1. Could you tell me how many of the residues in segment 28-56 are open to solvent by less than 50 Å² (accessible area, probe 1.4 Å) and outside any strand (DSSP E or B)?
2. Pro83: within 30 Å of Val248 (Cβ to Cβ), touching a strand residue (DSSP E or B) at 6+ places or on another chain (Cβ under 7 Å), surrounded by 19 or more Cβ atoms within 10 Å (Cβ to Cβ) and not polar (S, T, N, Q), yes or no?
3. Going through segment 301-357 one residue at a time, which ones are of a type in the set (Val, Ile, Thr) and in contact (Cβ under 8 Å) with a residue 24 or more places away in the chain?
4. In segment 358-401, which residue that is small (Gly, Ala, Ser), more than 36 Å from the chain's Cα centre (by Cα) and in a loop (DSSP other than H, G, I, E, B) is surrounded by the fewest Cβ atoms within 10 Å (Cβ to Cβ)?
5. Checking the condition more than 30 Å from Pro392 (Cβ to Cβ), modelled with pLDDT of 95 or more and aliphatic (A, V, I, L, M), which residue from Ala280, Ala230, Ala294 passes?
6. How many residues, within segment 236-248, are touching a residue at least 12 places away in the same chain (Cβ under 8 Å) and surrounded by fewer than 22 Cβ atoms within 10 Å (Cβ to Cβ)?
7. Do we have any residue at all in segment 299-312 that's open to solvent by less than 40 Å² (accessible area, probe 1.4 Å), aromatic (Phe, Trp, Tyr) and closer than 30 Å to Glu362 by Cα?
8. Could you give me the residue pairs with C-beta distances under 8 Å whose first residue belongs to segment 83-95 and is in contact (Cβ under 8 Å) with a residue 12 or more places away in the chain and in the same structural domain as Pro60 (by TED's automatic domain parsing), whose second residue is assigned to a loop (DSSP other than H, G, I, E, B) and crowded, with 24+ Cβ neighbours inside 10 Å wherever it lies, and which are 6+ apart or on separate chains?
Amino acid sequence: MLARTVTHALVGLDARRVEVEAHLQLGVPAFAIVGLADRACQEAKERVRSGIASAELEWPVRRITVNLAPAELRKEGSGFDLPIALAVLAASRQVPPEALGGHAAVGELALDGRLRPVGGVLAAAEGARQSGLSRLLCPAECAAEAALAGIEPVPVHHLAEAVAYLRGEWQPPPPDELAPSPLNGSEPAGPDLAEVRGQERARRALELAAAGSHNLLLGGPPGTGKTMLARRLPGILPRLPPNEALEVTRIHSVAGLLPPGRPLVSVPPFRAPHHTASVASIVGGGSSPRPGEASLAHRGVLFLDELAEFPRNALEALRQPLEDGAISIARVGGKIVFPARFQLVATMNLCPCGARGDPAAECSCSAARLAAYRDKLSRALLDRFDLVVTVPRPRARELEGAPGERSEAVRERVTAARSRARGEPLRRSREANELLSRAVERLPLSARGRARVARVSRTIALLAGVEEVGTAQVAEALSYRSPTELGTP
């Protein structure tokens, strides 16, 4: 007796169709899974056996062979539990085999038969829809996520519910009764920018970074508010449009990072890895490549606190995605591309001891130690920062003054500037072009640096609501490229 179900295996962020074939025959009772299944998938034998028994169904006393086709595609994870169980039950005719037509299935089985959520349900639902299937049997907690792909989810809490549905004894709730998409709901916006006292230049740079998705480097002595400023960037960023929200949700779903009750990531992600992070954890990798912090920050912010403390090879690995917006990971079995169009925000001290730039302290670093510290950051990496700002120690009257402007007010200006950016491109005046040309000759400004200055000047003009990029906008943009901002001569 033979029966088939359909599920999907994840390869990077893509779902590949997998047919789960269960064959029962006379012989010594045994249960084998073939088809290049990893350890977690092989362990499904015990979970499926216990789950079927807990659902008060009969375990076939036969020689059972489950084949996961195509055999050359590696299958990983516990999401194969439910399709394997349904294929075994259909092969033993406890479920009508024809009832599985038009359905895909995904989910992990607990030993008592309950369905546990798994990662990558959105990608699996998209794969099922592209395969021409109309419904996806999945854990109830993942139903709202599956619905985002435009497929009808069948939310089940227990294996017994899935069997009752396939027998026609139970109907799932209508799709409109599923948890609503939180696209227009409220999500935590992070700490308020009003908590930052003083630091007007740094606040201005933060607003420019938000309005134009510019890379930002904040330098200065310890305790001046660099990290505090950077962590308030998410609060002034607008919500993600629907197409970008689906992109981000797919990545976080594959990584298993979707928060419970929020199937759609509708705010820009903010990722802040520790400076001891490895190259693979930053850009992604592993024997079966998984997205790293750069991809998890796609359409959002990658925040590197204490930039110079990160391994140099990890920082250099970010140069390609900063230009291309994607990360290519090559393995013997093929190449996987992860999206990584993020905004890089970093902080650093101006010297190893941290006293440089602080009028109340004296730097104790030798010239050799200072040179070694600066050598941790290549010129090619620093050239990719659009805005470089020194954050000085605030004065007492600034700390005791009134709170600054709230994040909500800044976010409104940022949203308006981004809306204007989608209109007609702004022209640069003749005087602005001449100023930019003189700057290329007099400043250490590369061709990339010139292009970034032009982008920042356009963002300044969009925030100001002017019709043309003039010398004032170009001059301000150039001030953020000055080498003296990081204390270099």
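The values are calculated or read from the model by the stated rules, or taken from the named source; none is laboratory data. Since we're looking at a predicted model, the values are computed, not measured. Don't worry about glycine lacking a Cβ; one is built from the backbone with ideal geometry, like all the others, and counts go over all protein chains shown. For accessibility, only protein heavy atoms count, side chains too; no ligands or nucleic acids. Shrake-Rupley method; radii C 1.70, N 1.55, O 1.52, S 1.80 Å.
1. Of the residues in that region, 11 qualify.
2. yes
3. Residues satisfying the conditions are Val301, Ile327, Ile329, Ile336, Val337, Val345, Thr347.
4. Ala360
5. Ala294
6. Matching residues across segment 236-248 total 8.
7. yes
8. Qualifying pairs under 8 Å: Pro83/Val106; Leu86/Val95; Leu89/Val95.
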